[in-house]
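Encoded as structure tokens, the structure appears first; notes follow it.
Coordinate-derived values only; no laboratory data. Nothing here was measured: the structure is a model prediction, and the numbers come from that model. Cβ placement follows ideal geometry from the backbone for every residue including glycine, while neighbour counts extend to all protein chains displayed.
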Amino acid sequence: MQNLVTFLDLAPGAKLLDLPCGKGRHALFLNQLGYDVIGADLSENSIAYAKQFENEQLKFERHDMRTAFTTKFNAIFNLFTSFGYFNSTEENTVVLNNLKNGLAPGGRIVIDFMNADYVSKHLVPKECIQKSGIDFNITRSISKGHIVKEISFEAGGTPYHYVEQVAFLPFKQLTEMVDLAGLKIQHTFGDYNLSPFDQEQSQRLILILSWV
């Protein structure tokens, strides 16, 4: 986060959005740097937890990314593969358009996504991870345009099964979506140290976007 903020060279007191913010750790960090921050997330539980950190320049609210913003921001942060949650390209495109329309003049969007090209070549189909005496059986696959992760385990005699998925968006497809949304890619980075993006080797894809 410090690397990103330094690179963006945001003005003191700039208005920022962390979306989705989870329980607020990145929004809190941005606020501690002196920025006016809103953290937004669809999870009621996460927002309820994050509200304990609120102050005059840090607020948390429940928000669906598919809903337009009424506030304009100098920068919007969409971090740790928080784009591509939805089942259809149309819904994910709506999110991009909302991010664009939420920018104040000269504002920028930071999308931190996995490098799907790298992931597809290094996907671990099955593994078992043991923690606290519990075996977590994990499977991963690419199916119907999504990367699907399934986690199965047993605790206290009760079986549990969870499924996570995110859109499988290779670099070319993601950049095409960005273009269609009327956004311009200013910079691409391949990790949190802001190293140059390499489509074959980088594990992350960090996009800095602005209005065309």
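Taking the number of other C-beta atoms within 10 Å as the exposure measure, put His26, His146 in order starting with the fewest. Kindly include the intermediate steps, with their values, before the conclusion.
Values: His26 19, His146 16.
Ranking His26, His146 by Cβ neighbours within 10 Å, fewest first, gives His146, His26.
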Checklist entry - Tilt of helix 89-101 relative to the longest C-alpha principal axis of the chain, in degrees (0 to 90, nearest 10)? => result 30
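With 18 Å as the limit, write out which pairs from Lys23/Lys59; Lys23/Lys149; Lys100/Lys149; Lys72/Lys172; Lys121/Lys172 have Cα-Cα distances beyond it, or answer none. It would help to have the intermediate numbers written out before the result.
Numbers: Lys23/Lys59 12 Å; Lys23/Lys149 22 Å; Lys100/Lys149 30 Å; Lys72/Lys172 29 Å; Lys121/Lys172 16 Å.
As for pairs spanning more than 18 Å Cα to Cα, those are Lys23/Lys149; Lys100/Lys149; Lys72/Lys172.
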Checklist entry - Tell me, which longest segment in the chain has none of the trypsin sites (Lys or Arg not before Pro) that fall in DSSP loops with at most 16 further Cβ atoms within 10 Å? => result 73-143
Item to check | Vicinal HN-Hα couplings computed from phi for region 29-45 (Karplus, 6.51 cos²θ - 1.76 cosθ + 1.60; Hz; Gly/Pro x) | outcome: 4, 4, 5, 5, 7, x, 9, 8, 10, 10, x, 10, 7, 6, 6, 4, 5
Checklist outcome for this item: Magnitude of the Cβ-charge dipole (Lys and Arg +1, Asp and Glu -1) of the chain about the Cα centre, nearest 20 debye, reported as 140
Checklist entry - Roughly speaking, what is the centre-to-centre gap between region 90-145 and region 37-75 when only Cα atoms are used, to the nearest Å? => result 21
Checklist entry - Out of (i) 18.3; (ii) 18.9; (iii) 17.2, which label holds the value of Kirkwood radius over Cα pairs in Å that was computed here? => result (i)
Checklist entry - Against the longest alpha carbon principal axis of the chain, how many degrees, from 0 to 90 and to the nearest 10, is the axis of helix 171-180 turned? => result 40
